[in-house]
Amino acid sequence: MKQGLREKHICLRRGFDKAEKRKADIKILNRLMKLPAVKKAEKEMVYVSVQGEPDTRELIEKLIEAGKIVYAPRIEDGKIIPYRLNNISELETGLYEIPQPLRTETVNPEDLDVIVVPGVCFTSSGARLGRGGGYYDRFLAKLTEETDTIGLCYSFGIENNLPCERHDIKVKKVVTER
């Protein structure tokens with residue numbers, strides 16, 4: 001069932017009109033930047049978007065411009081390690097062709113204030129279906145209750161129910177263009 005949902009949502013994203021996607025990306029960015037958790041955060045980790053995901057590159061740039069300390073995930077030895085990004089150009093191609101930061105300054109995950117989490121789809125209550133590697137579930141399981149976790153998706157990426165297992169970790173908020 002999970003694989004069928006992944007395929008469905010990846011196809012929906014591929015078919016999303018480029019102009020409509022851009023409009024939705026801007027709305028998601030603006031809604032995210034207005035969240036109190038994002039405004040007050042000092043240290044934020046943001047994934048670098050690929051394959052039709054809501055665009056996070058502009059978000060990363062805006063957060064850096066706002067004086068935030070921004071980290072991006074890098075996969076090392078099967079784990080997510082957050083590395084600092086001082087500029088969106090400090091990326092290289094990593095595992096699964098996902099852009100990841102160069103090895104620079106890292107941070108203890110518990111010291112992050114906000115983590116922007118990718119997902120193929122979500123429920124409005126924060127259940128998340130990822131790509132199936134379990135990297136984010138293992139990473140999110142290490143966090144304290146104070147860390148805000150925010151999923152990004154388009155409104156068509158919201159499902160009523162998702163198959164969840166014991167190890168699946170919900171995000172606290174989900175932001176769409178609506």
**OP:** List the helices (runs of 4 or more DSSP H) that sit entirely inside segment 1-80 and contain at least 3 residues that are more than 20 Å from residue 109 (Cα to Cα).
**Re:** 2-14, 18-33, 57-65
Original post:
Can you tell which of 131, 103, 84 is farther than 22 Å from residue 170 by Cα and either among the hydrophobic types (A, V, I, L, M, F, W, C) or part of a loop (DSSP other than H, G, I, E, B) (or both)?
Top reply: 103
Original post:
Which of the residues belonging to segment 89-100 are of a type in the set (A, V, I, L, M, F, W, C) and either part of a loop (DSSP other than H, G, I, E, B) or farther than 21 Å from residue 68 by Cβ (or both)?
Top reply: 95, 98
Subject >> From 112, 91, 129, residue being among the aliphatic types (A, V, I, L, M), over 27 Å from residue 156 (Cα atoms) and in contact with a Phe, Trp or Tyr (Cβ under 8 Å, 6 or more places away or on another chain) >> reply: 112
Subject >> Scope segment 22-60; condition buried (at least 16 other Cβ atoms within 10 Å of the Cβ) and charged (D, E, K, R); matching residues >> reply: 25, 27, 43, 44, 53, 55
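Throughout, read-outs are computed from the coordinates displayed, never taken from laboratory work. Just so it is clear, the structure is predicted and the values come from calculations on it, not from any experiment. Virtual Cβ from ideal backbone geometry, glycine too; neighbours counted across all protein chains shown.
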